[in-house]
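Beneath this line is the structure, given in structure tokens, with notes to follow.
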């Protein structure tokens, strides 16, 4: 493919890292993903919400770790060989997200992305940025910033700062 063709493809599609929580497939815009690491020792931080599993030291940087299952109100699950931590940056704060397994990086055409379904006023789906149908699967593209209340992001940011100051 020539350079012009590649540019057109890039403008017409975006790349998403896909992962699973239970049997549900989710996606994140790859531009927000800093790295993917295997599950590692997490240091507990007292007096934090259950979904904040603690912090890790990743090459000298202390990163808060969030268990997506718990944040979504799902049952906790023992970590296994497939469990991964996706390191993202939200508002200049690195946060790790524990997922059941990372699947693939997909290029999804903008025309294949649709608005998320509306479930009424009592169900908050604002964290679902869009939905794509890939073969037989539906991939829910997440906006990680909207998973958290602003006060939660401030709390997570404070965990990172206080642990890095020690």
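General observations
- Residues of region 27-42 that are over 21 Å from residue 138 (Cβ atoms), part of a strand (DSSP E or B) and free of Cβ contacts under 8 Å to residues at least 60 places away in the same chain: 35, 37, 38.
- Any hit, region 55-76, residues being assigned to a helix (DSSP H, G or I), without any contact (Cβ under 8 Å) to a residue 24 or more places away in the chain and surrounded by 15 or more Cβ atoms within 10 Å (Cβ to Cβ): yes
- If you go through region 77-100 and keep only what is at negative phi, free of Cβ contacts under 8 Å to residues at least 40 places away in the same chain and touching a helix residue (DSSP H, G or I) at 6+ places or on another chain (Cβ under 9 Å), you end up with just 77.
Let's see how each residue does on (1) surrounded by 13 or more Cβ atoms within 10 Å (Cβ to Cβ); (2) at pLDDT 90 or above; (3) in contact with a strand residue (DSSP E or B) (Cβ under 7 Å, 6 or more places away or on another chain); (4) more than 21 Å from residue 14 (Cα to Cα):
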| residue | (1), (2), (3), (4) |
| --- | --- |
| 96 | yes, yes, yes, yes |
| 99 | yes, yes, yes, yes |
| 104 | no, yes, yes, no |
| 108 | yes, no, yes, no |
| 111 | no, no, no, no |
| 116 | yes, no, yes, no |
| 120 | no, no, no, yes |
| 123 | no, no, no, yes |
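The values are calculated or read from the model by the stated rules, or taken from the named source; none is laboratory data. For clarity, every value in this text was computed on a predicted model and none was experimentally measured. We place every Cβ from the backbone using ideal geometry, glycine too, and count neighbours over all the protein chains shown.
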